[in-house]
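Step one of this worksheet: look at the structure below.
Throughout, read-outs are computed from the coordinates displayed, never taken from laboratory work. Predicted, not measured: the structure shown is a model, and the values here were computed from it. Virtual Cβ from ideal backbone geometry, glycine too; neighbours counted across all protein chains shown.
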Amino acid sequence: MPNTTRISRKRKELFAQYATAAGNLYGVISMDELVAVFNRYEDEKTDAEELRLGLERLLKTDGDALDYSLFEDLVTGPDFLPSLAVDRHNAKIVRQEQSGKPRYLPDKAEFLRYAADDYLEPQKPYDDLAAYIHKHKLTQRGAGIGDVEGDLLDFREMIQNEDMSAASELEFFQERGYELGDDIDALNAFLRKLMDVHNNTRLFQNNGFTPNEAWKEFAHLREAPPGTMLKPPFAEPEEEVFAKVGRNDLCPCGSGLKYKKCHGSDTSPQNKLSAADTEYFYRLWYGVLAYVNQKYNLTPSVQRDLERNNYKTIDASKIQRPRDRVWETPELIGEYIETGGAKLTADDRVILRDWENNCVQGRFVLMKHLKDYSVFLRFDEEEECALYGVIGLMNSIERLFPRERLPQMVEAVLLPFKGKIIHDSLIASYDMSYGLGAREMFEESYAEQLATAGIVTALEG
């Protein structure tokens with residue numbers, strides 16, 4: 001029998017404001033914990049039943065405009081989408097990391113500022129990093145500070161979601177075209193700025209505390225059982241991360257490569273698209289999706305983001321319907337080409353025709369992460385086995401599916417792009433683990449394909 005409890009629009013919107021702020025600050029929080037947060041700040045108290053009901057009702061009427069999600073007994077922010085198995089898995093990992101740790105609870109006005117997804121606090125380390133980048137002319141991207149600010153918001157998101165090393169944080173900027181050079185002193189100076197940002201970023205795993213705050217204020221947790229132990233801040237700012245190394249010495253980042261072939265040059269592993277090619281891919285792909293979405297009136301709320309190529313901020317779940325329609329009928333890409341007119345160059349048309357005719361879609365086992373690509377084993381009873389070397393888009397595939405989770409069964413669409421194989425931006429994973437027998441079967445198939453046909457690294461007609 002449906003619950004007929006009346007909840008005013010104003011109160012539902014207040015619930016949503018708290019859910020959004022909590023999602024942005026903590027990443028994921030239980031319904032009971034959100035009730036406690038709400039009741040800490042509000043005079044008119046609530047309980048789990050009313051809060052859930054209000055949030056669910058608002059999702060039904062205003063879902064496309066909201067940045068929180070619900071699944072099981074959890075409320076999550078935009079970094080965790082219940083429609084994606086990998087996000088559900090990662091949300092549960094964050095919950096394990098939060099276990100036993102106190103919660104960061106600022107005053108009410110400050111807490112509610114986190115309802116804006118671009119709110120930064122502490123902001124000074126980010127401002128200092130932006131000023132350093134511009135002072136030393138480390139990037140030529142764009143005419144003003146806007147591009148750098150966008151990169152720093154993405155950088156914050158990566159810090160919150162990933163266990164990053166000094167090397168991987170440096171790579172983030174190198175891969176976006178920042179001109180860092182190979183001078184060790186300059187590199188260390190830049191890294192110290194990155195450390196200051198990292199150590200003063202509010203982390204989901206710390207229930208909103210920064211690494212510096214957590215390490216100083218909750219020393220009693222340092223020796224606690226696994227799952228609650230606090231990691232120390234990310235290196236001390238005065239400590240040099242890259243020592244004085246020769247160009248032929250092993251790179252301190254631990255890659256196993258010589259410094260001149262790793263962080264001393266721009267020849268680091270090419271397991272994802274460059275920033276320019278990422279922008280190009282999404283311009284073509286979102287053009288197709290915008291055409292199909294409008295033609296069939298699938299998800300109107302996402303049309304403007306598709307047309308503006310807002311790939312850095314778009315909710316991936318909202319492109320699911322037009323994306324699925326494209327791959328149900330790849331000929332729609334041909335339709336788009338014919339209607340694209342002057343918007344499409346000759347190169348654009350060649351790439352789009354390749355997608356229409358040479359895409360590979362189906363079920364795969366993600367087997368390994370190599371230096372230049374991740375290896376997908378085609379595992380579909382209706383298709384022949386094959387190994388594909390696939391690179392990521394904005395992020396390497398390894399960052400989406402860490403090594404410790406392999407092998408991983410996934411559904412994906414592989415596409416040719418400038419002589420390499422990429423995916424179409426959505427990879428659905430099966431939330432399951434495999435026993436010894438299944439793992440041996442996957443490894444045998446991998447070894448057999450590697451010996452007979454090798455790894456396919458380009459899709460051709």
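Laid out as a table, the results:
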read-out: Net charge dipole size for segment 357-456 [Lys, Arg +1 and Asp, Glu -1 on Cβ; Debye, nearest 20]; value: 560 debye
read-out: Filter on Lys137/Lys371; Lys101/Lys124; Lys137/Lys272; Lys108/Lys135; Lys60/Lys193 - keep pairs with C-alpha separation over 32 Å; value: Lys108/Lys135; Lys60/Lys193
read-out: Reference-scaled alpha-carbon Rg (2.2 N^0.38 Å with N residues) for segment 279-355; value: 1.01
read-out: 14 Å cut-off, amide nitrogen to a point 7 angstrom out along Ala275 Cα→Cβ, residues in segment 393-423; value: 394-395
read-out: Estimated FRET transfer efficiency when R0 is 30 angstrom, pair Arg308-His136 (beta carbons, to 0.05); value: 0.45
read-out: Beta bridge orientation in segment 357-456: antiparallel %, DSSP, nearest 5; value: 90 percent
read-out: Net dipole in debye of segment 9-113 [+1 Lys, Arg Cβ; -1 Asp, Glu Cβ; about Cα centre; nearest 20]; value: 40 debye
read-out: Phi-based couplings in Hz for segment 444-449 (Karplus 6.51, -1.76, 1.60; Gly and Pro marked x); value: 5, 5, 4, 4, 5, 5
read-out: Label point 7 Å beyond Cα of Thr329 along Cβ direction - residues of segment 348-364 with amide nitrogen under 16 Å; value: 356
read-out: FRET E, pair Asn357, Asp183, Förster distance 45 Å, beta-carbon r, rounded to 0.05; value: 0.40
read-out: Highest-first arrangement of 60-69, 33-42, where packing means the average Cβ count within 10 Å; value: 33-42, 60-69
